[in-house]
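Heads up, the thing below is written out as structure tokens.
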Amino acid sequence: MVTSRDWSVYVHVPFCEVRCPYCHFACFVNQDPDFPLRYVRAVERELDFHSGRLDSARIVSLYFGGGTPTALSAPARKELCRWLGEELRPRFAPEAEFTLEANPESLDPRVLDDWLEAGLNRLSIGIQTMHPKVLEFLGRRSTPASNLRALDLACQRVDNVSADLIVASPLDDWTGLLRSIDAITSHPVSHISAYLLEIHADTRFGREVAQGLWQPSPNDQQADLYLRLVQELADRGFHAYELSNFAQPGRESRHNGRYWTRDPYLGLGPSAHSFDGAHRWWNHRDAHRWCESVEAGTLPVEGREHLDRRAVRRERILLGLRRDEGIPEAWVEDRSRLVDDYLRAGLLERVGPRLRATPEGWLLLDEVVLRLCD
Ligand code: SF4
């Protein structure tokens, strides 16, 4: 049973071996061999700042994301895994979910052994695509062969494996996407996350598109690929429990699920966000600034916000409609005419006393929610 004493912990690992041209996450290619260990010691110290909050709490989920957690140097990884086993694992709830994000090219048996010993029980692998030309376009260092090797290794050693896909890059078509789905689902993975390629202005792709060097896929092609993907994965036993996440029954991500139900979580590391049920705060994005702040004994917090009633309502509706569970219709009873319009247009559907977005509605969710909350 989930209680208010239950917390999730997210740890952001900012290191990557290369910078992917579409990436807008807080990560960098580190050149300082001493920094990864310094970073790990700062993560350990940052948790101590929150000991009052966590001492009487249970950790129900732990998630290492990035960045590329599997790209940590061996000394840093060993220290992190020692700390996890000694300090965090004793605070785990019995059924705690412990996920690690991994890139195929940096996943090897020695890396996996260390994390498994620390309590890892779920692995999320950044496959992205099995199409060699699309991998190249996305600037990934993996190949179809290294993707397959990583899936083989992960599925041999870990019971709960998720694969990430990037959908609708300009070189993508249904045949290529189907090839990726075939390769992934021929392994015993239990979960797939699929994200439409987003172009952010502050990335290499963003600059190239602004210069007119190439164009993103047209919206109708992206929509077509997404809707076919939702149906194909459903046919293969992976239901869309959230607009980008597909799972076999009972294998939904518990950690991400707690973000969507607004349960408390603590973020450690640069750029990590935290939420205590009423307030949200986030750490310095720059890894060195975050580290220096922790080493100086000060909270590395860059900003905070308190959500007023209106913001909470908007967030609940948005997060609810992202999930297949939807929201109680009573939450938007003051917008009944608009709801009827969306029902007629096939963007929402009624399931008993609840409303949920259809896959077509998920494609337009920001606009739907904006108007419902206006
Ligand atoms: S591996 Fe992931 S986090 Fe690192 S640069 Fe690529 S997309 Fe960004």
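The values are calculated or read from the model by the stated rules, or taken from the named source; none is laboratory data. This is a predicted model, so every value here is computed, not measured. When we count neighbours, we look across all protein chains shown, and the Cβ atoms used for this are built from the backbone with ideal geometry, even at glycine. Keep in mind that these areas ignore ligands, DNA and RNA; they rest on the heavy atoms of the full protein, side chains included. Shrake-Rupley method; radii C 1.70, N 1.55, O 1.52, S 1.80 Å.
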Reciprocal of mean inverse Cα separation for the chain (Kirkwood radius, Å): 21.8
Helix-derived mean residue ellipticity, 222 nm - over the chain, DSSP H n ≥ 4, -39500 (n - 2.57), to 500: -11500 deg cm²/dmol
Place a point 7 Å from Cα of Q211 in the direction of its Cβ. Which residues in region 5-42 have their backbone N less than 15 Å from it? 21-22
Can you give the relative contact order of the chain as a percent, counting alpha carbon pairs under 8 Å and 6+ residues apart? 15
For region 309-373, what's the relative contact order in percent, using C-alpha pairs closer than 8 Å and at least 6 residues apart? 37
In nm, to one decimal, how far is the modelled label at D374 from the one at E87, with both set 7 Å along Cα→Cβ? 5.0
Summing +1 per Lys or Arg and -1 per Asp or Glu among the other residues with Cβ less than 13 Å from D224's Cβ gives -4
Of the accessible area of region 6-260, computed with a 1.4 Å probe and all protein chains kept, carbon and sulfur make up a percent value of 50
Total charge dipole magnitude, the chain, about the Cα centre, Cβ charges on Lys, Arg, Asp, Glu only, Debye to nearest 20: 400
Accessible-area composition of region 309-373, carbon plus sulfur, in percent [1.4 Å probe]: 48
Any idea how far apart E333 and F28 come out in nm if each label point goes 7 Å out from Cα toward Cβ? 5.3
By its C-alpha gyration tensor, with a ≥ b ≥ c as the square roots of the eigenvalues, how is region 309-373 shaped: rounded for a/c under 1.5, else prolate for a/b larger than b/c, else oblate? rounded
